[in-house]
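Reading through the structure tokens given below for one structure.
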Amino acid sequence: MPFCPNCRTEYVDGIVTCADCGVLLVDNLEKLPDLPPEKEEPIFLMTLSGSFYANYIESYLKENRIPVLKKHHGAGAYVEVVMGNSSMGIDLYVRASDFEKATQLVNSITTPAEFPDKLEQYEKKEEFSSSSHVIQFFFCFFLLFILLIYFFNIKK
């Protein structure tokens, strides 16, 4: 009995081509290589706020031979192309067989278990730096205002 080398369907004698694939049938399937394993459906791993973090996690997982699928929220993919970064949110997906290893790898680089006291210092520094950015902004705005007044008075 002939078989289709693509879909492996068995046909009755006398049929020469596969009705589905359109390829010539073969007499023996034992000589053919095994079919590739079915593709696994990707499962959700995590959501990240920006493309910088998503690219960082993606490259780390790929370094450890775990393929990653990124899915942008809304128009995030277009924003990333135009602006170079997107903060609209990015979902990362991995194969089900890689999920446990991917979770362990991500947790190993994102949880500050070894330096909890350093984390507290960092958070305090961030609070200070965000307020200092506001002060710097108003200082620059004030200087710009003074320069504008100065240049308009010179022209008169």
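Could you say which residue among K39, K31 is within 27 Å of E80 (Cβ to Cβ), assigned to a loop (DSSP other than H, G, I, E, B), out of contact with any Cys (no Cβ under 8 Å at 6 or more places or on another chain) and at pLDDT below 75?
K39
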ask   = Failed condition for G89, given (1) at pLDDT below 80; (2) among the small types (G, A, S); (3) surrounded by 11 or more Cβ atoms within 10 Å (Cβ to Cβ), with all others met?
value = (1)
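Residues are listed down the side, and each one gets a yes or a no for (1) touching a Phe, Trp or Tyr at 6+ places or on another chain (Cβ under 9 Å); (2) of a type in the set (F, W, Y); (3) part of a strand (DSSP E or B):
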position	(1), (2), (3)
K71	yes, no, yes
G74	no, no, no
A77	no, no, no
V82	no, no, no
V94	yes, no, yes
S97	no, no, no
K101	no, no, no
V106	yes, no, no
remark   = The residue that is nearest to the chain's Cα centre (by Cα), considering only those in the range 13-28 that are of a type in the set (D, E) and modelled with pLDDT of 80 or more, is D27
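The values are calculated or read from the model by the stated rules, or taken from the named source; none is laboratory data. Quick caveat, the model's predicted, so the values are computed rather than measured. Note that we place each Cβ from the backbone using ideal geometry, even for glycine, and neighbour counts take in every protein chain shown.
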